[in-house]
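The next block holds one structure in the form of C-alpha cells; read it before the comments.
The values are calculated or read from the model by the stated rules, or taken from the named source; none is laboratory data. On a predicted model such as this, the values are computed, not experimentally measured, just so you know. Because the Cβ atoms are built from the backbone with ideal geometry, glycine has one as well, and the counts that use them run over all protein chains shown.
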Amino acid sequence: MDSDLLVIGGGITGMMAALHLAEAGARVRIVDAGENAGTWANAGSLHVQMQSRFMRLYPDQVPAVEASLPLYKAAAEEWVRLDALYGPFELVRKGGLMLAEGAEQLRFLEGKARREEARGLSVEMLDRAALDGIAPWLGPQILGAELCRDEGKLNPLMANARLLAELDRRGVARVQDRIIGLEQQTNGLVAVGRAAVYRADQIIIASAWGAGDIVRGLGVDIPTKAEPLHMNITEAAAVSIGHLIQHAERSITLKQLGQGQIVIGGGWPAQDRGRETPPAVLAGSFLGNVALAARLVPQIGGLRVIRTWAGMNTTADGASTIGRLPQASRVVMALPGDAGYTLGPLVAKMAAAVTLGAMPEADMVRYTPARFAA
Amino acid sequence: MTQAAEHFTFDGHSVPLRAGQSLAAALTDAGLRRFRQTAKGAARGVFCGMGVCQDCLVTVDGVPNRRACMTAAAPGQQVLTQNPFPDLATAKVPLAAHPARVIAPDLLVVGGGAGGLSAAIAARAAGASVVILDERKVGGGQYFKQSAVSAPLDAQQAAGAELLAQALAAGAKLIGEVEIWGAFDGLLFLAEHKGAALVARPRAAIIATGAYERPEIRPGWTLPGVMTTGAAQTLWRSYRTLPGKRVAIVGSGPLNLQVGRELALGGAEVVMIAERGPAPWLRPLASAVLAFADPGLVLSGLRMLSDLRKRGAPVRHGTRLDRIDAEGSALRVTVTDGAKTTAVTADAVLMNAGFDPQNEILRLLGARANYDPAFGHLRVVRDERCATSVPGLYAVGDCAGLGGAPAAMAEGRIAGRAAAAELGFGDGYDVFADQRQLRRHRRFQRQLWALHDVAPRLPEVPDDTLICRCEEIDAGQIRQGLGERPGHAGTLKRATRVGMGRCQGRYCGLVAARLVAAATGMPVDERSYFAPRVPIKPVAISSILAAEEALKDGL
Ligand SMILES: Cc1cc2nc3c(=O)[nH]c(=O)nc-3n(C[C@H](O)[C@H](O)[C@H](O)COP(=O)(O)OP(=O)(O)OC[C@H]3O[C@@H](n4cnc5c(N)ncnc54)[C@H](O)[C@@H]3O)c2cc1C
Ligand SMILES: Cc1cc2nc3c(=O)[nH]c(=O)nc-3n(C[C@H](O)[C@H](O)[C@H](O)COP(=O)(O)OP(=O)(O)OC[C@H]3O[C@@H](n4cnc5c(N)ncnc54)[C@H](O)[C@@H]3O)c2cc1C
Ligand code: FES
C-alpha cells in the first residue's frame, strides 16, 4: 500500500494531524489498531492549570509540565478555533476551579497560582465568599479555590464524530491494523502491520501508548506507558455547574455536560486487561471517586450514577514529544503527553507543520524526540 | 378487593392506595399512566414493571428518579411527575433506612425466583450458610410472583409460597428490596438496600437473576399504557390491579395467552391477542411432538385457548403488531397478518415477543457465553453442575439463557448441591434424578417455543420510530450511524448515543448488536454487545458514599 503520508494512530492527535496534512493537499492514510484509544474514553476536560494529581504522582515530571504551560493555554485556544470551524462541540470555557479544604492546601494553590501566572495563565485565588457567588453548591468544608479562566470542557463524543466526518469528507483513508515496527528497506521506510505493509514518504506516529514499541527498533527509547483510568456519569439534572472542578490534593474532575449529566473522573486507576480488551473498573476506584465527588458537591447525592467506563491514558515524561526522529528523519512523532485530549489538536498541528517543512524545529527543542536517544 | 383507606398525592391530587401496593399499581388503579416527562417532552409510564426500563420514574418526597414499579406506596407520600432535569438545589438526597452492612455467607444466591430458591434449599440441606438477595419486596421471582396485597390467587402462587417457606425453614436468609449493582473479581458484590449500602463477600455465588421481556419495537411502543405482558401480570398477580379495562396483547409466546386468560378472569375485556406464530392446528406435527414431551402442559395450553375463546377474547395467529397510536385517552392498536390490517381500541397494550436473560452480573464477572441464534440471546457456558467459566460462580435459570421455571428449579437443586460440595458441605451427588428431569424440561421448552415465533428481528420500522427509549434515538439516526461506520455496537453507541441512557441498552443494545452484525456480515457473539460495566442498574450516589465509608479500611 502506498500513500504520500502515513499516520499511525487514529485518536484525536492522529485524526487532527491527518486533517491538517490533507488540507495541505497530501494523500493521507491513517492506520489504527482500533483498540483502547484514550480519545474514545476521555472526559473532554480542557486542562490548562497544573493538575495536582499529576504533580503528586510524578513529581519528577513537574518541571517539564510547568515549562509546557503556555502550550496548554494555546491548546485550549486551538479547541475554541476547532469548535467554531467544525463544531459546535458543546465547548464551554467558564474556567476551572481547584478546591482547597484546608489552610495548607490554600497555600499550595497560592504558590501554584503565582507560578502559573508567571507563565501567562489567567488565574485568581477565590475565598469562600467569592465562591458562594459562582459555585454555591460546594460543600461547606471548601475554604477557597484557584480559578483558572483558561480552562473549559467540551463533549468529546460530539467532537470526535464531527472530526471523523471531516476526515471522510477530505478523503482520508482509514485502515484498521496494528503496526508492529518500522523497517528500513532498500526503497525507503515502511511500517509493518499485522495485515499489510505500508510504504510512505513520511510516517507520523500518533499512537500514544503504542508509540514506544513502534520506534524501539530504530534505537529510540520513548517511555510511553499505558495508564488505565475510569470515569463515571450520572443521570441528567438541570444545568447549574458551569466550571470544571478539581481538588488541590486529591484526584478528581467533575463537570456537567450540556445535556445535564455529571461526569466524574480525575485519573482513578482501572484494571489493565491487556491492549486488546478495555480495562475493567475497580471497586475501590469507583467508590472512592464518586464518594469524593459527593463530598465536594453534596447536592449531587440525590442523583444516580448510571454508567462507568474505562480507557487507556498515556504517560511519558510529562512533556509532549513533537518532531522528527534524529535516527530516522522521515518519522515524525506526535505524542501529546498528559491531558492529551486537550493537547492533541495543537500537537497534531505542530507535527503536521514539521512534516510539511513549515515550522522551524528550533522553536520546539523542548519537545524534541532527541531527548530519548537510547 | 380490600377497601382503600389511605391516600398519597400525585402532582397534588389525592390518590387512594391499598396496603402493599406499589406506586405504579396505585397510580394505574387511579387511571394515571403518565409518570415522567422525557428530555424531548414525551410522556412515559410503566413499561417493564420489573425495574429494568427506568421509564416509570417519579419524584417521591423530593427525591428524584424513583421507580414507581419498585417503590411501595405509602400514606402521605408526595409524588410528582418526574421532570427530566431535576434541580440540584432542591433535589433531596435519599435517606438510608439503616447503616451499611457487610455479609459473608458461604453461598450468596442472587435472585429469589424459582431457580434461586431451589438452589438455596439444596445448599442449606448440605449445610452451607446461604443468603438470598432479591430486588423485589415480593419474593418468588417471575413465575411464582407472590401477591403483596392478598392470599395466594391460585395453585401457581400457592406453590411459590410453599417454596419460599421451604427456603426459610431450611435456614436460608432472604433479604428483599436489595438491588445488586456491582460485581467484582474475588466475588465482591455491592448492593443498595433501602437507600443503604449492602456489601457481600461470599465464598461462592449462584446467579439466578432470571430474564426480562423482549418488546415489539414498533411505532408507538413507548406510549404510556403500552407495557410488557409481564408488567401487567405483576400489576394483577402481585397488586390486584388491572392494567386497563380494555386490553390488547401482541407478540408471541405462552405468557401472552396465560396473562390474557388471567386478566379476562380478573374482569378485563381482552379485545385481542395477536400471536406471531401460526395456529397450532396448522402445525399438527409440532403440536404432536409437544404433546409427547408433556401432555399435561399441552392440555393446559388448549384449555387456555378455549377459556379465552369462551370469554370472547379473539386470538389471531400469524398476526403481528403494526403500530400503536394515541386516540384520546385510549390507544389504537393496528395489527397485520401480512395481507390485511385490523385495528382495535384498548386502554392498555401488552407486548411480549420473547425473553432476554438478565446476565449482566455474569458478564461483568467474565463468565463465557455463546450466542443462541434460535432465541437470539446469549447462553452462559456451564458444565453439568451449572458452574460457569469463573471459579466459584454458578448460573441457574433464565439468566443463563431461557429455560423456563421447571428447568430453573432443577438447575437450582443441582447448582445448590454442587456449590455446597465445592465449599466442603455434602458430597454433591444424587443429581441423577434432577439431571434427567432437566433434560425433559429442556426438551419440552424447545418444542414449546417451536410453536411460537420469537426469532430475533431487525427493526423494520419507519425512520421516526424510537429504538432507544431512554435517549430517544430513532431508527433513522441509527441507520445513519450504521451507514457511516458499522464497526461494533459500541461504535454505534458513541456515534448516536444509542444505549447511553438509564436502562443501559437493555432493549436497544440487543437491536444494535443485531444491526451491526447485519451491516458487517459478522456473526453475533458474546463480544457483539455493549461492554458490561458497573453499575448494572443506576445507583444513588448517597448509597455509593455509604458503601465507601463501610469499606474504606477493608477493600
Ligand atoms: C478515562 C480517561 C479520561 C480522560 N480524560 C481526559 C480529559 O478530560 N482531558 C484531557 O485532556 N485528556 C483526558 N484523557 C487523556 C486523553 O484521552 C488522551 O491523552 C488522548 O486521547 C490521547 O490522544 P491520542 O490521539 O494521542 O492517543 P489515543 O487516543 O490513545 O489513540 C492512540 C491510538 O493509537 C492506536 N495504536 C496504538 N498502538 C498502535 C499500533 N502499534 N498500531 C496501530 N495503532 C496503534 C490505538 O489503537 C489508538 O486508537 C483521559 C484519558 C482517559 C483514559
Ligand atoms: C415478567 C415475566 C413474567 C413471567 N411470567 C411467567 C409465567 O406467568 N409463567 C411462566 O411459566 N413463566 C413466566 N416467565 C418466565 C419465568 O419467569 C421463568 O422461566 C422462571 O421464573 C425462571 O426462574 P428464575 O429463577 O430463572 O428467574 P426469576 O423467577 O425471574 O427470578 C429472578 C429473581 O432475581 C431477582 N433479581 C434480578 N436481578 C437482580 C439484581 N440485580 N439484584 C437483586 N435481585 C435481582 C428478581 O427480582 C427475581 O425475583 C416470566 C418471565 C418474566 C420476565
Ligand atoms: S416500569 Fe418501572 S422500571 Fe420499567
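Tabulated values for the structure
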item: Residue selected from the range A:288-305 under the condition more than 7 Å from chain B (Cβ to nearest Cβ) and within 26 Å of the chain's Cα centre (by Cα), by the criterion surrounded by the fewest Cβ atoms within 10 Å (Cβ to Cβ); result: A:Leu292
item: Selection status of B:Gly45, buried (at least 16 other Cβ atoms within 10 Å of the Cβ), within 16 Å of ligand 2 (Cβ to nearest atom) and touching a residue at least 60 places away in the same chain (Cβ under 8 Å); result: no
item: Selected residue (criterion: nearest to ligand 1 (Cβ to nearest atom)) from residues of the range A:331-355 that are outside any helix (DSSP H, G or I) and of a type outside the set (A, V, I, L, M, F, W, C); result: A:Pro336
item: Which listed residue is within 30 Å of B:Arg246 (Cβ to Cβ), within 16 Å of ligand 3 (Cβ to nearest atom), outside any strand (DSSP E or B) and among the aliphatic types (A, V, I, L, M), from B:Val149, B:Val138; result: B:Val138
item: Some residue of the range A:175-183 being under 15 Å from A:Gln327 (Cα atoms), among the acidic types (Asp, Glu) and more than 14 Å from chain B (Cβ to nearest Cβ); result: yes
item: Test: residue in the range A:151-167 that is touching a residue at least 40 places away in the same chain (Cβ under 8 Å), surrounded by 18 or more Cβ atoms within 10 Å (Cβ to Cβ) and under 23 Å from A:Ala370 (Cα atoms); result: no
item: Counted residues, the range A:192-215 - those being closer than 21 Å to A:Asp338 by Cα and not hydrophobic (A, V, I, L, M, F, W, C); result: 4
item: Meets criteria (at positive phi and touching a strand residue (DSSP E or B) at 6+ places or on another chain (Cβ under 8 Å)) for B:Gly225; result: yes
item: Residue list for the range A:309-322, restricted to those being crowded, with 23+ Cβ neighbours inside 10 Å and either at positive phi or facing chain B (nearest Cβ under 9 Å) (or both); result: A:Ala310
item: In the range B:453-490, residue surrounded by the most Cβ atoms within 10 Å (Cβ to Cβ) [restricted to those that are part of a helix (DSSP H, G or I) and without any contact (Cβ under 8 Å) to a residue 12 or more places away in the chain]; result: B:Glu484
item: Residue match in the range A:341-350 (condition: more than 16 Å from ligand 2 (Cβ to nearest atom), buried (at least 23 other Cβ atoms within 10 Å of the Cβ) and modelled with pLDDT under 95); result: no
item: Where a residue in the range A:263-279 is more than 13 Å from chain B (Cβ to nearest Cβ) and within 14 Å of A:Gly38 (Cα to Cα) and its partner, wherever it lies, is aliphatic (A, V, I, L, M) and crowded, with 22+ Cβ neighbours inside 10 Å, with Cβ under 6 Å and at least six apart; result: A:Gly265/A:Ala43; A:Gly265/A:Met231; A:Gly266/A:Ile252; A:Gly267/A:Leu229
item: Residues of the range B:250-281 that turn out to be away from ligand 2 (no atom under 14 Å from the Cβ) and touching a Ser or Thr at 6+ places or on another chain (Cβ under 7 Å), as a count; result: 5
item: Enumeration of residues in the range B:423-441 that are within 15 Å of B:Leu402 (Cα to Cα) and buried (at least 17 other Cβ atoms within 10 Å of the Cβ); result: B:Leu438, B:His441
item: Those residues of the range B:194-203 which are surrounded by fewer than 23 Cβ atoms within 10 Å (Cβ to Cβ) and away from chain A (no Cβ under 14 Å), in sequence order; result: B:Lys194, B:Arg203
item: Test: B:Ala374 is among the aliphatic types (A, V, I, L, M) and not in a helix (DSSP H, G or I); result: yes
item: Near pairs, Cβ below 9 angstrom, 6+ apart or cross-chain, from the range B:23-36 (within 14 Å of another protein chain (Cβ to nearest Cβ) and under 19 Å from B:Pro84 (Cα atoms)) to any residue that is within 16 Å of ligand 2 (Cβ to nearest atom) and acidic (Asp, Glu); result: B:Arg36/B:Asp55
item: Members of the range A:214-243 found to be charged (D, E, K, R), under 30 Å from A:Ala293 (Cα atoms) and surrounded by fewer than 18 Cβ atoms within 10 Å (Cβ to Cβ), listed by number; result: A:Lys225
item: The range A:198-253, subset of a type in the set (Lys, Arg) and out of contact with any strand residue (DSSP E or B) (no Cβ under 7 Å at 6 or more places or on another chain), residue nearest to the other protein chains (Cβ to nearest Cβ); result: A:Arg250
item: Subset of the range A:356-374 (residues that are buried (at least 17 other Cβ atoms within 10 Å of the Cβ), assigned to a loop (DSSP other than H, G, I, E, B) and touching a Gly at 6+ places or on another chain (Cβ under 7 Å)); result: A:Thr368
item: Residues of the range B:413-455 satisfying the condition of being among the hydrophobic types (A, V, I, L, M, F, W, C), out of contact with any helix residue (DSSP H, G or I) (no Cβ under 8 Å at 6 or more places or on another chain) and within 21 Å of B:Ala205 (Cα to Cα); result: B:Ala418, B:Leu423
item: Qualifying residue in the range B:102-119 (condition: within 30 Å of B:Asp11 (Cβ to Cβ), under 25 Å from the mean Cα position of the chain (by Cα) and assigned to a loop (DSSP other than H, G, I, E, B)); result: no
item: Which listed residue, of A:Arg162, A:Arg174, is more than 12 Å from ligand 1 (Cβ to nearest atom) and under 30 Å from A:Arg81 (Cβ atoms); result: A:Arg162
item: Residue match in the range A:1-8 (condition: surrounded by fewer than 24 Cβ atoms within 10 Å (Cβ to Cβ) and either hydrophobic (A, V, I, L, M, F, W, C) or without any contact (Cβ under 8 Å) to a residue 24 or more places away in the chain (or both)); result: yes
item: Residues (among the polar types (S, T, N, Q) and within 16 Å of ligand 2 (Cβ to nearest atom)) located in the range B:51-93; result: B:Gln54, B:Thr71
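Okay, residues lined up against (1) within 14 Å of chain A (Cβ to nearest Cβ); (2) away from ligand 3 (no atom under 15 Å from the Cβ); (3) surrounded by fewer than 24 Cβ atoms within 10 Å (Cβ to Cβ):
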{"position": "B:Cys56", "(1), (2), (3)": "no, no, no"}
{"position": "B:Gly62", "(1), (2), (3)": "yes, yes, yes"}
{"position": "B:Pro75", "(1), (2), (3)": "no, yes, yes"}
{"position": "B:Leu80", "(1), (2), (3)": "yes, yes, yes"}
{"position": "B:Pro84", "(1), (2), (3)": "yes, yes, yes"}
{"position": "B:Ala120", "(1), (2), (3)": "no, yes, no"}
{"position": "B:Val131", "(1), (2), (3)": "no, yes, yes"}
{"position": "B:Leu153", "(1), (2), (3)": "no, yes, yes"}
